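Heads up: the structure comes next, in structure tokens.
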Amino acid sequence: MNASKRILLTGASGLIGSRLTEMLLQKGYEVSHLSRHKSNTSKVKTFVWNIESGAIEKGALDGIDTIIHLAGAGVADKRWTNSRKKEILESRTKSTALLFNELKKENAPVKNFISASAIGYYGFDNNSKLFDENDKPGSGFLAEVTSAWEAEADKIEQLGIRLVKLRIGIVLSKKGGALEPMAKAVKFLVGSPLGSGDQYMSWIHIEDLCQMFIHAVENTEVRGAFNAVAPNPVTNKEMTEAIAKQLRKPMIFPSVPAFVLKAIFGEMGDVVLKGNKVSSKKIQETRFNYKFTTLDKALKDLLA
């Protein structure tokens, strides 16, 4: 066990970053943020970076033991135009490359680099296979993005820094992410499975995900890629039915046809129409203990 007490966090204003900051502070870590905008609080100092111009505010890496890198444009925030796809890719690859160059130049005391990645790495074409970390990247836009993102992160290991890549699944939270629109639809009696409903959703509760990042910081034997998903993936239909059961609402409408979703979302529709079934075995072998192993338990906590 090695608790590195000074942590620099990118992407701190997002769903994961904001909760992770709270949990790190509660555990006694000294946390600073790397952001596009200055916003100091009494507990967190913010340093500014400009990814396009390749600039990081002086002093950002001073005394930092660990970087947790979450920055990246939201995948499901906007329709995937060519310019949006470029932004999704470059917000991840360029930011990681900038950190690599800064670490190389600064000769900073950073010992650990914990990078977000995503289960989109495996693609969404094979619903029957259980993917683990030994599998090669799949096909499709998100697989290309995560492969390029991880390739940039891999360079940091060349500097003698311990690298961990957490391939994040569908994050369930009260404050955003996939659960909010699904629960809202069910509450208004328009919740339905999407497409066939048979596509797998490899999910994780936000608390378990943030604890997994802390676990990766504190345990020096944790290295390389790990799937950040709960042990029991479910289908889209099972997820929708479980939300309806928790909210005590009936399921009135049949599945939303694939062509409707394609018309609304374009290429981004693949994110909800296709799925992947991802294994959590490797992270469990590092003695990581989940608080929420089943969907019912997670939904009871989030929707009660």
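A few points about this structure:
- Against the list (1) aliphatic (A, V, I, L, M); (2) in contact with a Lys or Arg (Cβ under 8 Å, 6 or more places away or on another chain); (3) closer than 30 Å to Arg6 by Cα, the condition Ala230 fails is (2).
- Long-range neighbours under 7 Å by Cβ, at least six apart or interchain, first residue within 21 Å of Arg162 (Cα to Cα) within the stretch 56-75, second of a type in the set (Gly, Ala, Ser) and not in a loop (DSSP other than H, G, I, E, B): His69/Ser115; His69/Ala116; Leu70/Gly17; Leu70/Ala116; Ala71/Ser91; Ala71/Ser95
- Pairs where the first residue, in the stretch 246-268, is in contact (Cβ under 8 Å) with a residue 12 or more places away in the chain and the second is among the acidic types (Asp, Glu), C-beta under 9 Å, 6+ apart: Gln246/Asp296; Met251/Glu241
- Those residues of the stretch 104-122 which are out of contact with any strand residue (DSSP E or B) (no Cβ under 7 Å at 6 or more places or on another chain) and surrounded by 22 or more Cβ atoms within 10 Å (Cβ to Cβ), in sequence order: Gly120
- Number of positions in the stretch 170-204 that are over 28 Å from Arg19 (Cα atoms), among the polar types (S, T, N, Q) and out of contact with any strand residue (DSSP E or B) (no Cβ under 6 Å at 6 or more places or on another chain): 2
- Put simply, of Ile68, Ile16 the only residue that is at pLDDT 95 or above, assigned to a helix (DSSP H, G or I) and either surrounded by 19 or more Cβ atoms within 10 Å (Cβ to Cβ) or in contact with a Pro (Cβ under 7 Å, 6 or more places away or on another chain) (or both) is Ile16.
- Of the residues making up the stretch 215-257, those that are among the hydrophobic types (A, V, I, L, M, F, W, C) and touching a strand residue (DSSP E or B) at 6+ places or on another chain (Cβ under 8 Å) are Ala216, Val217, Val222, Ala225, Phe226, Ala228, Val229, Ala230, Val234, Met239, Ala242, Val256.
- Residues located in the stretch 1-54, provided they are under 23 Å from Pro109 (Cβ atoms) and among the basic types (Lys, Arg): Lys5, Arg6, Lys27, Lys43, Lys45
- Candidates are the residues of the stretch 183-213 that are of a type in the set (S, T, N, Q) and in a loop (DSSP other than H, G, I, E, B); the one that is farthest from Lys237 (Cα to Cα) is Ser202.
- Residue pairs meeting the criteria (Cβ under 9 Å; at least 6 apart or on separate chains; first over 18 Å from Asp65 (Cβ atoms), in the stretch 18-30; second among the β-branched types (Val, Ile, Thr) and at pLDDT 95 or above): Arg19/Ile206
- In the stretch 111-152, the residues that are under 19 Å from Val222 (Cα atoms) and touching a Leu at 6+ places or on another chain (Cβ under 6 Å): Phe113, Ala116
- Residues of the stretch 162-202 classified as among the acidic types (Asp, Glu) and over 19 Å from Lys300 (Cβ atoms), total: 1
- So Val222, is it over 17 Å from the mean Cα position of the chain (by Cα) and crowded, with 19+ Cβ neighbours inside 10 Å: yes
- Residues of the stretch 151-207 that turn out to be of a type in the set (Phe, Trp, Tyr) and within 21 Å of Lys274 (Cα to Cα), as a count: 2
- Unmet criterion (only one of (1) out of contact with any Gly (no Cβ under 9 Å at 6 or more places or on another chain); (2) outside any loop (DSSP other than H, G, I, E, B); (3) modelled with pLDDT under 95) for Ala216: (3)
The values are calculated or read from the model by the stated rules, or taken from the named source; none is laboratory data. No experiment lies behind these values; they were computed from the predicted model shown. All Cβ positions, even for glycine, are placed from backbone atoms using ideal geometry, and neighbour counts span all protein chains on display.
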